[in-house]
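Accompanying notes for the structure given below.
Bear in mind that the values in this text are calculations on the coordinates, not laboratory data. Note that the structure is predicted; figures quoted are calculated from it, not measured. Ideal geometry is used to build each Cβ from the backbone, glycine not excepted, and the neighbour counts take in all protein chains shown.
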Amino acid sequence: MLKAFAELSTPLVADACVRLGVGLRAAPAGVGAVVAGHRVAGRVLPVRHYGSVDVFLEAYGAAEPGDVLVVDNGGRVDEACVGDLAVLEARAAGVAALVVWGLHRDTPELVEIGLPVFSYGSLPLGPMRLDEREPQALTEARFGPHLVGARDVVFADADGVLFVPAARLDEVLETAAGIARTERAQAERIRSGDTLRRQTSFDEYLERRAADPSYSFRRHLRRVGGAIEE
């Protein structure tokens, strides 16, 4: 899956979801890689954190190679819920990455381990609580306003984190690749002096809009084969 994502990006995947009518589920802004340049693509392995590492250890028991541990810590910024031991154990279990709705710690050790970790940032404080565990602890994770589980795939890169239903994965990736080809061709033409305004027949769009105020730029792009807003 990471190989299929190698030539794509979360913006391209998001645009493909829009084009296909797949509901957009993006992580809140601010979730980023501990090590710049890391990229993630894999099946969601969901877990909810309640103050103890035991729930992670239990989740690892059901991990399949390439899974991505998606940690629901409620977006808390008063504690770090994952550190070096949790990440080392994830690697030993075949987990490909961790995506955390919350904070991490042990940053130098995580850099050395090398397993991709995405979070809101770092904090030296670990959990000082032990909350009651919910029945969905190992079946669903909240990430911002979204619920995700094993029927979802997670993508993460420098632009953020995105969740896609596994059942729609092939068509989303195929559509994203098509958008990528169109945009790359457009970019090369701009570099060669063929402006985006000329490529999209922008003057014609302005004329049509003047005659018909309901004529939108997205409608125009569909007519001329553009992909920059689809």
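Structure values in brief
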read-out: Mean Cβ count within 10 Å, highest first, over the residues of peptides 106-112, 187-193; value: 106-112, 187-193
read-out: Expected-Rg normalisation [2.2 N^0.38 Å, Cα atoms] applied to the chain; value: 1.19
read-out: The chain, relative contact order in percent, only Cα pairs under 8 angstrom and at least six apart counted; value: 26 percent
read-out: Ordering of 78-84, 211-217, 49-55, 121-127 by packing [mean C-beta count within 10 Å, highest first]; value: 78-84, 49-55, 121-127, 211-217
read-out: Leading residue at positive end of dipole, the range 2-171 (Cβ point charges), from Ala156, Leu12, Ala26; value: Leu12
read-out: Estimated [θ] at 222 nm from DSSP helical runs (n ≥ 4, -39500 (n - 2.57)) normalised by residues in the chain, nearest 500; value: -10500 deg cm²/dmol
read-out: Gyration tensor verdict on the range 1-88 (Cα atoms; rounded if a/c is under 1.5, prolate if a/b is larger than b/c, oblate otherwise); value: prolate
read-out: Rounded to 5, the percent of DSSP beta bridges in the range 2-171 classed as antiparallel; value: 55 percent
